[in-house]
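One structure below.
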Amino acid sequence: MAVMLDSPVAVRRAAMDLLARREHSRVELARKLRQRGAAVELIDSALERLSEEGLLSDERFLESFIRSRAQAGYGPLRIRDELNQRGLPRAVVERALAESPIDWATNLRELWRRRFAALPADAREKAKQGRFLLYRGFAHDAVSRLLRGGGEE
């Protein structure tokens, strides 16, 4: 059975253990602590203190998550959906994506090159490539432009 998180020290220790593994959003960390049996009052005060100390930062989490998912070959639409599913406010997510230094067009071209390397020869292949790139979260107009041969500068 899991250790009960019934004191401020235990809740802080559990939160620190989670943060040591990777960045977490405040919402995500609160959910994980609740799942471990911590009381809401203890969670709120622990997270507030961690934020004040600079150990918990939604901005840092967003930067890290966006960079990680972009490096894994995902586009801004898919990343936005994943962040919204994690309970982050839509406006905060939109701002983080807009401020991100990632060149999405370059990411799209690189993913396409790694996966396909050649423009589609027929409509069936074009549909296959398009579905893959759209599923990965790239905008329809950017995918269409790339598959028409307009993705190169």
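The values are calculated or read from the model by the stated rules, or taken from the named source; none is laboratory data. Predicted model, so just to flag it, every value in this text is computed and none were measured. Positions of Cβ are generated from backbone atoms using ideal geometry, with glycine treated the same way; all protein chains shown enter the neighbour counts. The protein model used for the area step is the full one, side chains on, heavy atoms only, and it has no ligands, DNA or RNA in it. Shrake-Rupley method; radii C 1.70, N 1.55, O 1.52, S 1.80 Å.
Annotations for the structure displayed:
- Averaged per residue, the chain has 60 square angstrom of accessible surface, using a 1.4 angstrom probe with ligands and nucleic acids left out.
- One chain, two ends: residue 144 and residue 123. Fully extended at 0.36 nm per residue, the span grows by 6.3 nm beyond their Cα-Cα distance.
- Cβ-based net charge around residue 57, under 14 Å, with every Lys or Arg adding one and every Asp or Glu removing one: -4
- Placing a pseudo-label 7 Å from each Cα along the Cα-to-Cβ vector at residue 91 and residue 32 gives an inter-label distance of 2.8 nm.
- The range 1-132 - percent of accessible surface contributed by carbon and sulfur, probe 1.4 Å: 51
- Helical mean residue ellipticity (222 nm; -39500 (n - 2.57) per DSSP H run of 4+; nearest 500) of the chain: -20500 deg cm²/dmol
- Förster radius 35 Å - calculated FRET efficiency between residue 82 and residue 52, Cβ distance, rounded to 0.05: 0.80
- Length-normalised contact order of the range 64-153 in % [C-alpha pairs under 8 Å, at least 6 apart]: 35
- Charging the Cβ of each Asp and Glu at -1 and of each Lys and Arg at +1, and nothing else, the dipole of the range 1-113 about its Cα centre rounds to 440 debye.
- Answer label for Cα Rg over 2.2 N^0.38 Å (calculated), chosen among [x] 1.01; [y] 1.27; [z] 1.35: [z]
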